[in-house]
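Bear in mind these aren't lab numbers, they're just calculated from the coordinates by the rules spelled out. A quick note: this is a predicted structure, and the numbers were derived from the prediction, not measured. A quick note on method: Cβ atoms are made from the backbone with ideal geometry, for glycine too, and the neighbour counts reach across all protein chains shown.
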Amino acid sequence: MKLRAPSIPLITIDPYFSVWSRDEIINCIKYGEVIEEYPEDYPHPSCLIFHIVIVDKPLHVVVGHDDKYIYVITAYRPSPEKWENGFRERKVQ
């Protein structure tokens, strides 16, 4: 039996999905701007940090923190449909 490729793609990719290097995430944390704070988050307070890693490559990193460590929760490329003011403010839905 001869196999052939399907006529439709098996995988679709979100255009805002990106893979970030460790250095890009560290630079965002070190040099970025805290744009939202979540002091009541459990188990540690957290915040959202914004940084332009490379021209036209904005990055949001959510980190939690205690007295000793910073914990990276997630990193993502913000969508222009959900963010405004240079990706610093959420659009009102």
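Count the net charge of all other residues whose Cβ sits under 15 Å from the Cβ of Ile70, scoring Lys and Arg as +1 and Asp and Glu as -1.
Values: positive: Arg22, Lys30, Lys68; negative: Glu37, Asp41, Asp66, Asp67.
Net local charge, Ile70 excluded: -1.
Positive contributions from Lys and Arg (+1) and negative ones from Asp and Glu (-1), summed over other residues with Cβ under 10 Å from the Cβ of His44, come out at -3.
Pick out, in residue order, every one of the trypsin sites (Lys or Arg not before Pro) in the range 24-86 that is DSSP loop and has at most 12 other C-beta atoms within 10 Å; say none if there are none. All intermediate terms of the calculation are to be shown ahead of the outcome.
Values: sites: Lys30, Lys68, Lys82; in loops: Lys68, Lys82.
Hits after loop and neighbour filter: Lys68, Lys82.
For the range 30-37, 3J(HN,Hα) computed residue by residue from phi via the Karplus equation (6.51, -1.76, 1.60; θ = phi - 60°) reads 6, 10, x, 10, 6, 10, 8, 10 Hz, glycine and proline entered as x.
List the GluC sites (Glu not before Pro) within the range 18-93 that DSSP assigns to loop and that have no more than 14 neighbouring Cβ atoms inside 10 Å.
Numbers: sites: Glu24, Glu33, Glu36, Glu37, Glu40, Glu81, Glu84, Glu89; in loops: Glu40, Glu81.
Passing both the DSSP loop test and the Cβ count: Glu40, Glu81.
Residues whose amide H falls under 5 Å from that of Trp83, counting only those 5 or more places apart or on a different chain, are Lys91, with hydrogens built in the peptide plane.
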